[in-house]
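The values are calculated or read from the model by the stated rules, or taken from the named source; none is laboratory data. Please read these numbers as outputs of a predicted model, since none were measured by experiment. Every residue, glycine as well, gets a Cβ built from its backbone with ideal geometry; the counts of neighbours run over all protein chains shown.
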Amino acid sequence: MRVSGGDIWDKDVQYLKNVGPKRVGLLRKMGVSTIGDLLYYFPRDYDDRSRLMPARAYQNGRQATVRGVVTGGEEKRPRKGLTVTRIFIHDGTDRVVAVWYNQPFIRNRIPVGTGLLVTGKIHLFHTELQVQVADYEVEDGGDMINTGRIVPIYPLTEGLSQRLVRSMIKTALDQWGDYMREFIPPDITVRYVLPELRTTLNRVHFPGSREELGMARRRLIFEELLIHQVMVAVVRKICRQKQKKHSYPSVDHLEREFMARLPFTITPGQGQAWEEIKKDMQYPYPMNRLLQGDVGAGKTVVCALAMIRAVSGGFQAALMAPTEILAGQHYINIKEYFNQMGISVALITGGMKKKQRENLLAAIKTGEIQVVVGTHAVIQGDVQFKNLALAVIDEQHRFGVRQRALLRQKGQSPDVLVMTATPIPRTLAMTVYGDLDISSIRGLPPGRKPTETYVCVRSQAGYVYSAIKKEVSRGRQAYIVCPLVEESEKTDLQAAVELKELLAGGALDGCRVDLLHGRMRAEDKEDIMSRFRCGLVDVLVSTTVIEVGVDVPNATVMTVVDAHRFGLAQLHQLRGRVGRGGYSSRCYLISDARGDQAAARLEAMRTISDGFVLSEKDLDLRGPGELFGTRQSGEILYRIADPVRDIRALEVAAREARRLVERDPGLRSSENRALAREINNRYKGFGFLAIG
């Protein structure tokens, strides 16, 4: 029986030969649950051990790969707890001693007469050539996977060795490789000269040359991007084909009332974005729009206008945010205006008490609650709306295609608006978020002043803390952000827990200092944020849990410790937490990093305040994955591709995906069915594609 590549995503790793329960557990720890996960667990690096020379030809102290025949061996115990195993091999020119430490079993595995390759540092001791063995391979007629070739180096977890992971992947390739068939449509593989799937996976793990590796990586990058772009194109096609079950009034009295209640006039950028959204909401097919704007650009006001339009038509609206802190803040801000206008608003989170949740779910189901704000809890199965017409998702890059789909399924073809305060260049936005139309709010609301940014070394931290104390004495508040919670996670980083204790009894003595981090219980986090918002806390020491959307107008100082550990997008988000109340604000970036990349990133932060300009600069400066913060965008996992580094491949993949879906929207044709199966198997529950 021949199987598609997709079937490897259904086969548990426990069915792999010589993999017992303990190893299965270790593999799961690395995120490897299926054969597919294992075959797509790519090396982080490669070590070229393919050049074979006589031992004497290598420089003393350099890494060498030596091939020879075993002529003998011995074992020594120079002291308690140390066993030295010495295997003698002849490489055709000299006798070489291969040395292992505390591996006494080695001698029995390698009898006299065995062909052996060893890799390690070579040393000349008096007249004896020694190799301190890092890896070895017995020549038994099988394929070499540990030395004598370009060798893969994998990310590991404790309990698994490089040799073991290589062996498991080789077994998986041997066991499953012959049964895989291609899933990329043949016209595409021919057009771009892509190697077949089995060849690709063999070569990415065990390349015969750098050229083979390059071709395999090129195929896998394109494959990953194509799959994502097909998903995006399918969603867009489906949305455009659907007919909305609802319509909105052409004149909206609640909209006028809301505008009149605002203590400011909306900016031209906000006005243009709202006109684009309003136009979309009048179309017979559902809106699917991305609203991007710089931090503090006023996206929430535009979002509120869209919600009001939905409520005016007698329908419900929902807003989903990535964190409970952000969801709670949206709830507070929206409720302040909506309750005055007779619009009922409720907050739903994962940590609610059972009875409270049951009552809320009942009110949502009957339509008594018109606007629902929450976290992922909004898309849970027991949440049922009476007539959801508008679904809003904040911080788009934290969610993915599937999560947007789940929220969309809560209504009958609702309009969907997703928002992000992480602006990305338009070309990239159109390909990464290709299922969405795009509105951009440029510029800041009147009275919002740019935050002055300073780059400091650690020895200047005392000056920074003095500046914070001065601001506190004026009645203002401050944030201090650290990258990690516990010192043990990275020994050279200041941890938020320890820094809070240090500052409260030292440089910030007399200030009310509190701590916030992601491991706290939801109610504790909300309590601390509530106290900070109310002015009961002067200085909040925090991890990046406050990165997104937190709005405390009285906060005027943001200090980021070990700022070089953060990406530009993250730093800009953090800086956006201050300067929201019309007061002069400052951002201090503390870093002792000396690398060119880190210095350039911090200098960009110091000199550029516009998030759109900064995102363009980010493309020039960054390493892979930084623009999105991680290599994962929603549930789309980029194992090998990077949408920024591989922008040209992404554009080609997007073009091919649009062409493919235009011709065959359900991917039902014989040449496309394998691709549909692969997508559904990799991303369980995507569920838009026919695979029968």
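Condition check ((1) free of Cβ contacts under 8 Å to residues at least 12 places away in the same chain; (2) buried (at least 24 other Cβ atoms within 10 Å of the Cβ); (3) over 18 Å from Lys500 (Cβ atoms)) across all residues:
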| site | (1), (2), (3) |
| --- | --- |
| Val539 | no, yes, no |
| Val550 | no, yes, no |
| Asp562 | no, no, no |
| His572 | no, yes, yes |
| Leu589 | no, yes, yes |
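Assess whether Ala377 counts as being among the hydrophobic types (A, V, I, L, M, F, W, C), within 25 Å of the chain's Cα centre (by Cα) and not in a strand (DSSP E or B). Before you say what the answer is, go through the steps one by one.
Values: among the hydrophobic types (A, V, I, L, M, F, W, C): yes; within 25 Å of the chain's Cα centre (by Cα): yes; not in a strand (DSSP E or B): yes.
Judged against the criteria, Ala377 is a match.
Can you work out which of the residues in region 17-50 that are at pLDDT 90 or above, charged (D, E, K, R) and over 21 Å from Val99 (Cβ atoms) is surrounded by the most Cβ atoms within 10 Å (Cβ to Cβ)?
So the residue we want is Asp37.
Run Gly581 past the list (1) out of contact with any Phe, Trp or Tyr (no Cβ under 7 Å at 6 or more places or on another chain); (2) more than 18 Å from Ala297 (Cβ to Cβ) and report the number of the one that doesn't hold.
Every listed condition holds for Gly581 apart from (2).
Name the residue, out of Tyr283, Tyr248, that is more than 27 Å from Ile679 (Cβ to Cβ), hydroxyl-bearing (Ser, Thr, Tyr) and out of contact with any helix residue (DSSP H, G or I) (no Cβ under 8 Å at 6 or more places or on another chain). Show your work before the answer.
Working: Tyr248 fails: out of contact with any helix residue (DSSP H, G or I) (no Cβ under 8 Å at 6 or more places or on another chain).
When all the criteria are applied, what remains is Tyr283.
Answer yes or no: is there a residue in region 68-84 that is in a loop (DSSP other than H, G, I, E, B) and either surrounded by fewer than 20 Cβ atoms within 10 Å (Cβ to Cβ) or assigned by TED's automatic domain parsing to the domain that holds His126 (or both). It would help to see each step written out before you state the result.
Taking region 68-84 first, the residues in a loop (DSSP other than H, G, I, E, B) are 80-81.
Filter once more, so that each one left must be either surrounded by fewer than 20 Cβ atoms within 10 Å (Cβ to Cβ) or assigned by TED's automatic domain parsing to the domain that holds His126 (or both): 80-81.
Yes, some residue in region 68-84 is in a loop (DSSP other than H, G, I, E, B) and either surrounded by fewer than 20 Cβ atoms within 10 Å (Cβ to Cβ) or assigned by TED's automatic domain parsing to the domain that holds His126 (or both).
Please determine, by comparing only the residues of region 593-606 that are touching a residue at least 24 places away in the same chain (Cβ under 8 Å) and assigned to a helix (DSSP H, G or I), which one is nearest to Glu452 (Cα to Cα).
So in region 593-606, the residues touching a residue at least 24 places away in the same chain (Cβ under 8 Å) come out as 593, 595, 597-598, 601-606.
Going one step further and asking which of them are assigned to a helix (DSSP H, G or I), we end up with 597-598, 601-606.
On the way: Gln597: 22, Ala598: 19, Arg601: 16, Leu602: 13, Glu603: 13, Ala604: 13, Met605: 10, Arg606: 8 Å.
Residue satisfying both the conditions and the ranking: Arg606.
Within region 227-338, which helices (runs of 4 or more DSSP H) (wholly inside it) include 3 or more residues that are touching a residue at least 24 places away in the same chain (Cβ under 8 Å) and crowded, with 20+ Cβ neighbours inside 10 Å? Full working, then the answer.
Numbers: elements: 253-261, 268-282, 299-312, 324-338.
Output list reads 268-282, 299-312, 324-338.
Scanning for something in contact with a helix residue (DSSP H, G or I) (Cβ under 9 Å, 6 or more places away or on another chain), modelled with pLDDT under 80 and in a loop (DSSP other than H, G, I, E, B), does region 644-656 turn up at least one residue?
yes
Can you report the number of residues in region 67-83 which are of a type outside the set (S, T, N, Q) and more than 23 Å from Arg56 (Cα to Cα)? Write out each step before concluding.
Start the filter on region 67-83 by keeping residues that are of a type outside the set (S, T, N, Q), which leaves 67-70, 72-82.
Those left that are additionally more than 23 Å from Arg56 (Cα to Cα): 75-82.
Qualifying residue count for the region: 8.
Can you name the condition, by its number, that Gln63 falls short on among (1) at pLDDT 95 or above; (2) within 20 Å of Arg149 (Cα to Cα)?
(1)
Check Arg23, Arg77, Arg86 and return the single one that is within 40 Å of the chain's Cα centre (by Cα) and basic (Lys, Arg). Break it down into steps so the answer makes sense when it comes.
Details: Arg77 fails: within 40 Å of the chain's Cα centre (by Cα); Arg86 fails: within 40 Å of the chain's Cα centre (by Cα).
Every option except Arg23 fails the conditions.
Taking the stated definitions as given, is Val32 under 26 Å from Gly208 (Cβ atoms), within 35 Å of the chain's Cα centre (by Cα) and free of Cβ contacts under 8 Å to residues at least 24 places away in the same chain? Working first, answer last.
Values: under 26 Å from Gly208 (Cβ atoms): yes; within 35 Å of the chain's Cα centre (by Cα): yes; free of Cβ contacts under 8 Å to residues at least 24 places away in the same chain: yes.
In short, yes.
Just checking, how many residues over region 199-213 are over 26 Å from the mean Cα position of the chain (by Cα) and either crowded, with 18+ Cβ neighbours inside 10 Å or small (Gly, Ala, Ser) (or both)? Walk me through how you get there before you give the answer.
The first filter runs over region 199-213 and keeps only residues over 26 Å from the mean Cα position of the chain (by Cα), leaving 199, 202-203, 206-212.
This time we only want the ones that are either crowded, with 18+ Cβ neighbours inside 10 Å or small (Gly, Ala, Ser) (or both), so: 202-203, 206-209, 212.
Going through region 199-213 one residue at a time, the tally reaches 7.
Of the residues in region 520-537, how many are surrounded by 24 or more Cβ atoms within 10 Å (Cβ to Cβ) and without any contact (Cβ under 8 Å) to a residue 24 or more places away in the chain?
Residues meeting the conditions: 0.
Would it be correct to say that Arg458 is over 19 Å from Ala507 (Cβ atoms) and among the basic types (Lys, Arg)? Walk me through it before giving the result.
On the way: over 19 Å from Ala507 (Cβ atoms): no; among the basic types (Lys, Arg): yes.
When the stated conditions are applied, Arg458 does not pass them.
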